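Working notes, structure below.
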Amino acid sequence: MTDSGPAGRPGDSRHSQAVGPGSAVADRPAPPVFSVVTGAQVQQALRGRERQIVDLVGKVYALHGRGDTVNPPSHFLRFPDRPSARIIALPASVGGEVRTDGIKWISSVPANIEHGIPRASAVLVLNDPRTGFPYACLEGSVISAVRTAASAVLALDRLTRDRERPRRIGFVGGGLIARYVHSYLAGTGWDWDAVGVYDLSPEYAGRFRDSIRGWMSDQEVHVHDDLRSLVRDSDVVVFATVAAEPHVTDPAWFSHRPVVLHLSLRDLSPEVVLSAVNVVDDVEHCLKAATSVHLTEQRVGNREFLAGTLAEVMAGDVVLSRDRPVVFSPFGLGVLDIAVGRWVYDRLATTGGLGIVDGFFSELCRYA
C-alpha cells in the first residue's frame, strides 16, 4: 500500500481514457484506484471540524427531504447462538454535490465491553456512481459516531430555536456515542451550567465524567444515582444506551418539557412517546425494529403522534408545540455515513494522505 498525492474525484475527467484513432478522446470512465483509510486517519481528518460536519449533515438531511438520496431499509444479520449480537448493512446513495454510493457494515457485540474492547466496529465502502467500482474502504465506527453526534447537535439547534436556550444537559449512558455528542456540542459552541451523567455502571459514569472534565476542566459534572433525578434536573436529555426495550415509563418525569435526544431509540415507553412532540429522521426507517415509536404505532394503530421529520422542521413545514416535551428519534441514515465518509476521503485526497492499494483491481480486461 502506498501513499498518494492529490487524487481526482471518482468518475471525473481525470479518470477518462483516450480511445480510438487520432486524438479523439471519449469520456469513458476508467476503474478508480482503491484506497484504505485507517481510523487514525479518519480521526485526524475530522479533528476540529465539528461545525463543518454539522453543516454537512444538515445539507444531507435537506437532500433526503427533497428525495435526492436513496436510503433503503437496513439489513440485520442476527445469530441464534449470540442473540445480543448483530451486524447491520446500511446501503445508501447521496446525490447533490456528494454524489456517492456505498454501504456501512457495522457490528454490535455488547459482550465486547466485558473484555475491554468497543461494542461496535464498522467499515464503510464508497462506490463510484459512474462505474460502480468501490474506490475506498474506511474505518467506519468513528464516522458512525460522528454522524450520530452531528445529527444530535443539528437537531438540538433546530428544536430549541423557539425555546429558551437550555442550560442543563443530562446523559443517559456513558459510552462512545455520549462522548462524541458531548465533544460535538462543545466543538460547536454549546456550553452548560450543569452536566449530569447516569449509567447502570458507576465505573462507566465516572469515566465519562472524567472525559467531560478533560474537555472543560471547570465544568460542573454530577453523576446521578438514579435515572429519574437526572431527567428531572435536565433541560436536554441524551439517551445513548444499549437498551433493547423501554425502561422509562412515566410521562411525569418529563413534565418540565425537556428536549430529548433519543439516540438509542428503545428507552421510552409508548406512554412517554404519546405525551411528547415527536420528530424523527425518516418515518419509514424509525417505525420498525421495535423502536419506541414503532411500539407506539403498534399500540395506537396510527402515526398521528409524529409531528414530522427533522428535514421538515428545518424547512419550516412543521411548527413544534412548546407545551410538551420534544423527542427526537433518529434511526440513523446510511446517507449520513456516506456523506461524512466522502468528506473524509476528499480531505485526504487533497492533502495526499490516501493509502493506495496497488493492483487491487486485477481482472480489468473483458477478454483475457
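Dipole magnitude of the chain about its Cα centre, charges +1 at Lys/Arg Cβ and -1 at Asp/Glu Cβ only, in debye to the nearest 20? Write down the numbers at each step before the final one.
Working: 38 positive and 42 negative charges, 91 e Å.
That gives the chain a dipole magnitude of about 440 debye.
Say each of Ser108 and Ala85 gets a label point 7 Å from the Cα, pointing the same way as Cα to Cβ; how far apart are those two points in nm?
1.5
In nm, to one decimal, how far is the modelled label at Glu304 from the one at Trp215, with both set 7 Å along Cα→Cβ?
Each label point lies 7 Å from its Cα, and together they span 4.0 nm.
Please compute the Kirkwood hydrodynamic radius over region 50-124, one decimal place, Å, based on all pairs of different Cα atoms. Could you put the intermediate results ahead of the total?
Working: mean 1/r = 0.0695 Å⁻¹.
Computed over region 50-124, the radius equals 14.4 Å.
What is the sum of charges, Lys and Arg at +1 and Asp and Glu at -1, for the other residues whose Cβ falls under 12 Å from the Cβ of Val153? The partial results should precede the final answer.
Numbers: positive: Arg51, Arg147, Arg158; negative: Glu50, Asp55, Asp157.
Value of the local net charge: 0.
With springs only between Cα atoms under 10 Å, which of His262, His64, His222 fluctuates most in a Gaussian network model of the chain?
His222
Please calculate the 1.4 Å probe accessible area of Arg209, with all protein chains present, and give it to the nearest 10 Å².
Arg209 exposes around 70 Å² with every protein chain in place.
Any idea of the accessible area per residue across the chain, 1.4 Å probe, to the nearest Å²?
Values: 17150 Å² over 368 residues.
Accessible area per residue, the chain: 47 Å².
Cβ under 11 Å from Glu271's Cβ, Glu271 left aside: what net charge do those residues give with Lys, Arg +1 and Asp, Glu -1? Could the numbers behind the result be given before it?
Values: positive: Arg299; negative: Asp250.
Within the 11 Å Cβ shell, the charges total 0.
May I ask which residue of Leu348, Ser108, Pro73 lies farthest towards the positive end of the charge dipole of the chain, with charges of +1 (Lys, Arg) and -1 (Asp, Glu) on Cβ and the Cα centre as origin?
It is Leu348.
Would you please classify the overall shape of the chain from the alpha carbon gyration tensor, given that a ≥ b ≥ c denote the square roots of the eigenvalues, rounded means a/c under 1.5, and beyond that prolate means a/b larger than b/c while oblate covers the rest?
Values: a/c = 1.97, a/b = 1.77, b/c = 1.11.
Since a/c reaches 1.5 and a/b is larger than b/c, the shape of the chain is classed as prolate.
For Thr249 and Trp190, calculate 0.36 nm times their separation in residues minus their Cα-Cα distance, and state this gained length in nm to one decimal.
Extra length from Thr249 to Trp190 when fully extended: 18.3 nm.
Could you look at the chain and say what percent of its accessible area is carbon and sulfur, using a 1.4 Å probe and all protein chains? Kindly include the intermediate steps, with their values, before the conclusion.
Details: 8770 of 17150 Å².
Within the chain, the accessible surface is 51 percent carbon and sulfur.
Using a cut-off of 11 Å between beta-carbons, work out the net charge of the residues near Gly206 (Lys and Arg +1, Asp and Glu -1, Gly206 not included).
Charge balance near Gly206 sits at 0.
Quickly work out the Ala40-to-Asp323 label distance, labels modelled 7 Å from Cα along the C-beta direction, and quote it in nm with one decimal.
So the two model labels end up 5.8 nm from each other.
The values are calculated or read from the model by the stated rules, or taken from the named source; none is laboratory data. Values in this document were obtained by computation on a predicted structure and should not be read as measured data. Cβ: placed from backbone, ideal geometry, glycine included. Neighbour counts: every protein chain shown. With ligands, DNA and RNA removed, areas are computed over all heavy atoms of the protein, side chains included. Shrake-Rupley method; radii C 1.70, N 1.55, O 1.52, S 1.80 Å.
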